[in-house]
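Report on the structure given below.
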Amino acid sequence: MLKKIGLVKNTEIVIDESFVKEVSGKEMGFEFLDKILGFLVCVLGYIVLFVMIDGFLSHSISKSSLNIFLSVAIVLFIYSVYLFRSHDSFSFGMIRKNLNNVSILISNSTLKQLNISPYISNGLLNELGRSSDIFELFTHLTNHFDIREILLRLNLDKNEIKDIKDSSLEIKMSLDEILLKALEISIYMERDHIDSVSVYIALLENVFNSPLEKYGLNQKYINALKLWLQNTGRLQRYREIYLRKRSFKPTTTINRALTSRYSPNLINYSTDLTVTAIKGNVMFSLARDKEINAVIENLSRSNKTAVLLLGEPGIGKSTLIKSIGIRMVIEQVPKEIRDMRLVSFNFSKAFALSKGLDDYKSIIQNSLEEAGKAKNIILVIDDFDQFINVRADFVSEIVGLFVKAYEEFNLKVIATSNREGFSRYISSQKALASMFSVVELTEPSEEVSIQVLLDKTLSLEKKYSLQISFDALVSAVKFGSRVMYERTMPEKGIFILEKACLKANAEKHKELTSEFVEKVISEQIGVRVGKLSVEESKELDDLEATISAKILGQKEAVMGVVNAIKRSRAELTSNKKPLASFLFYGPTGVGKTELAKTIADVFFSDSKRLIKIDLGEYQEDDNLARLIGKGDSSNFVGGELTEFVRKNPFSVVILDEIEKAKPRVLDLFLQLLDEGYLTDGAGRKVVFTNTIIVATSNVGSKIIADSIASGETYKQTAKRVEAELPNVFKVEFLNRFDKLVMFKPLLRIDIEEIANLILKEQIKNLKDKGIDLIYSKQFLSEISDLGYDPVYGARSMRRAVQDNVESKIAELIVSGKLKAGGSVEFKSLKDVTLT
Amino acid sequence: MKILFQNYISGFIVWWYLVNLVEITKLLYFFWWGILESLKLPEMLTNLFIPLYQDETTLGKVISFFIRLIWITMASVVTVVVSVFIFIVFVIYLILPFLPIFILIYNA
């Protein structure tokens, strides 16, 4: 009795209910029983065979009896083969059909109806039979060996998962609906059958997703898991073809049809990547299928067969070329290039071994000629820009040799280069540039990077005896993409993952989790990333108090900054903009720069992660180059701002006196605040997404002083000044800041507190030398008067302490009047006594 | 009883002649294909008049033609022998379950 359970694409999906009811569960245990019986039958076969041989040798049995013994032995052996069979493909008198045979028909919507009963795996049928409800099915499946591996990948605990049965979860899906979802998942993952794995993923995705969220399960991980299972299956199939075909591939320089020529010169300066692929392992990524196909398509044409792979170092150019080598071995390429060799020409070796430029030139000429005449060579030239630019005065000659060989022999070439090399040396040579079809490798998306890392996971797990969870991969990609900008994904992700594996292995961990990867990244960059630890949460909670202890009299400003920092650390802000950006405005000497320094100290744990750009010094138009650098690669002078941030991506950038900046400079900062990066003079992208930008300005100082003096509140004053700010800055510029923070003039009590703070630093310093410093209230009041200036605020406070405290103590120490163990008391500015 | 019959009697016949037959056929096909690949017969046939190693001299062309011809002849013979052998193995597989019955009848 066929029952309709739904539609996949345009195919009506039905199930033979009576079959599932009849079969499921009844075969339970038969597989094990069959194996036992198979063993016994096989042993019996050997006994019969032994008796027969013994009888034959001793002539104790007749010829007809021998034949009977032989026939019984044959029957027993072939029956034991049947009993030992895999129940996945045949069980319970029914053939388990392979889903891959119909999945294309379903995808193309060319199949009208599909009965899924024969496509359900034997293992799943057993579980369907012994489970009374979906909860029970889920619990039974959780104990499966292959499911346990999946749970480990998802970093889920088997026992925690079982607990969800006790929760008040209402299941809204029927078993038929789950089977339909499992069918879709099986087709996507290219599974042979609708099996326990696909049903389990369907349950995780559609039924148990909400209760498992608290254990860290999310759709992104499930998608990555499905992709990984799909990749594993594909790689397995590739491996089978590879093992079958590689033994028929020639490992010499001559092709199978014996129509090619020897290349005795080229062989000295090259590596045969096809032979490497034949002798090595199947190690290739499925993540760049589109680009691989584009290269293969270009190479298979009859003309214009030079391809230029354009991409930054570490983006996967070499892996892509190796993957083409594997494709050639397993013959998944058009017949035009099937019987060819992929030969990588090592021009550095040729240059090193040459006896001079003329010799080098003749090596290049001979190698290109041999590659062309052999007719079975696809020439790979890595770093093509360097190949033609081995010496500046030699470029046109090398280009000439290459163009001539290409035109004469219709060479098939894969060249690689990066963007800078391409624009400087290749695109400027028109004859050369027009030869190439450019295939660009852009930095992969997070999903593709995860896929590349997934491809590496199996070998890393084997190498370091670890189980790598998905969230560890996700963390390596997510946080990796935000750090180490000098490297590119996916190489950067692989580097982080390997480093984490090495460390986890050394620390005898059995699993690699996201927390561990985040810890490794944090150690690498010196700044904490990832989930907030309990310790860090507490630190952030106390942030306001920590900063307020250093910045006095600016409670509202500190609060504004702290809130913005908390938002940023909780990852609620855009990750394509700086971590936080502030415009501090108000009178001078009230703590604007000091607050910026405190942010560097507190947020990046290092007050040296700070650059102060005094925009008063950038009044000329050509000063822009001082910020972002200028010149070409041979004489490039890095910009003060861009070089610092390139070297210290986690830092605070203070743009002092922003109101003095020229419009062109302001436009530069507008881009920085908007897009989170600047392009330096060498055309490199300098990313500011890990910086905190603090612009300071004295705009509105007078209004602030007058308003506060007339008794207006902080909010009222801020409102008045912010209404004035558009007269100085463009509105769109002001809107780019996360927070406009007003600093108010310091009160008398704040001034004394600042003086007290500086004097306490002195007490601490002198204590280390064994000297006590004591001061009176009168002295504090006098020094506060001295250090405070109505125009410059408390800026000269430190100078006042230096002149009136440090200098006097130094004098006393030098004259020998004050020694370790002694103390000095400042009763007033003029009354200093030794005690 | 029906389950036992399906699993141990009728199941065996279905498995031997439908499931395992496909596997055996695949195995024999790959073996046959492997021999053909090693003999490079298709490549030699399509390049019969193309000189070996691009030796374009008249002598080179003549020698190449004869070497390829000898190769094709030898490879064809080997292919036929292997094909016959594979066919025999295939037939033996088909009659193997009935072979004991023939033996018993013959000896009865």
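Only the coordinates and a few stated rules stand behind these numbers; no lab work does. Fair warning: this is a prediction, and the values are worked out from it, not measured in the lab. Cβ: placed from backbone, ideal geometry, glycine included. Neighbour counts: every protein chain shown.
Here is how the numbers come out for the structure above:
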item	result
Leading residue at positive end of dipole, chain A (Cβ point charges), from A:Tyr585, A:Pro649, A:His509	A:His509
J(HN,Hα) series, the range A:796-801, from Karplus relation 6.51 cos²θ - 1.76 cosθ + 1.60, nearest Hz, glycine and proline x	8, 4, 5, 4, 4, 5
Gain on full stretching of the segment that runs from A:Ser427 to A:Thr251 - 0.36 nm per residue minus C-alpha separation	59.7 nm
Folded to 0 to 90 degrees: helix A:317-329 orientation relative to chain A principal axis, Cα	0 degrees
About the Cα centre, charge dipole magnitude for the range A:460-538 (Lys/Arg +1, Asp/Glu -1 at Cβ), debye	60 debye
Long-range amide H partners of A:Arg341 with built H, under 5 Å	A:Ile377, A:Ile378
Principal axes of the range A:623-748: Cα extent on each, largest first, Å	60, 26, 23
Net charge dipole size for the protein assembly as shown [Lys, Arg +1 and Asp, Glu -1 on Cβ; Debye, nearest 20]	1700 debye
Helix axis angle, A:395-409 relative to chain A longest principal axis, alpha carbon, degrees	20 degrees
Cβ-based charge dipole, the protein assembly as shown, positive-most Cα from A:Ile36, A:Gln429, A:Leu773	A:Ile36
Positive-end residue of A:Asn108, A:Leu227, A:Ser64, charge dipole of the protein assembly as shown with Cβ unit charges	A:Ser64
Long-range amide H partners of A:Ala306 with built H, under 5 Å	A:Val413, A:Ser437
Cα pair count fraction exceeding 43 Å, expressed as % - chain A	55 percent
Rounded tilt (10° steps) of B:58-95 against the dominant C-alpha axis of chain B	0 degrees
Over 20 Å (Cα to Cα) - which of A:Lys112/A:Lys181; A:Lys499/A:Lys538; A:Lys715/A:Lys744; A:Lys373/A:Lys430; A:Lys576/A:Lys715 fall in this group	A:Lys499/A:Lys538; A:Lys373/A:Lys430; A:Lys576/A:Lys715
Likely footprinting exposure, A:Phe19, A:Phe84, fewest C-beta neighbours within 10 Å first	A:Phe84, A:Phe19
Listed pairs A:Lys577/A:Lys685; A:Lys456/A:Lys492; A:Lys647/A:Lys685; A:Lys660/A:Lys685; A:Lys555/A:Lys597 exceeding 20 Å between Cα atoms	A:Lys660/A:Lys685
Compactness relative to 2.2 N^0.38 Å, alpha carbon Rg of the range B:2-107	1.75
Net dipole in debye of the range B:2-107 [+1 Lys, Arg Cβ; -1 Asp, Glu Cβ; about Cα centre; nearest 20]	280 debye
J(HN,Hα) series, the range B:102-107, from Karplus relation 6.51 cos²θ - 1.76 cosθ + 1.60, nearest Hz, glycine and proline x	4, 4, 5, 4, 4, 8
Gain on full stretching of the segment that runs from A:Lys335 to A:Leu357 - 0.36 nm per residue minus C-alpha separation	4.0 nm
Efficiency of FRET between A:Gln716 and A:Lys608 - r from beta-carbon atoms, R0 56 angstrom, step 0.05	0.90
Paramagnetic label zone (point 7 Å from Cα along Cα-to-C-beta, A:Lys290; backbone N under 16 Å) in the range A:441-457	A:441-452
Residues A:Ser807 and A:Thr833, FRET efficiency given R0 of 25 Å [Cβ-Cβ distance, rounded to 0.05]	0.90
Label point distance in nm, A:Tyr262-A:Asp785, each placed 7 Å from Cα along Cα→Cβ	10.3 nm
Amide H within-cut-off set for A:Asn155, under 5 Å, with H built and near neighbours excluded	A:Phe470
Too-long pairs where the Cα-Cα distance tops 29 Å, listed order kept, from A:Lys463/A:Lys519; A:Lys764/A:Lys817; A:Lys226/A:Lys412; A:Lys608/A:Lys827	A:Lys226/A:Lys412; A:Lys608/A:Lys827
Whole-Hz couplings from phi, Karplus 6.51/-1.76/1.60, listed for the range A:515-522; x for Gly and Pro	4, 5, 4, 4, 5, 5, 5, 4
Among A:736-747, A:637-648, the order from most to least packed when residues are scored by Cβ within 10 Å on average	A:736-747, A:637-648
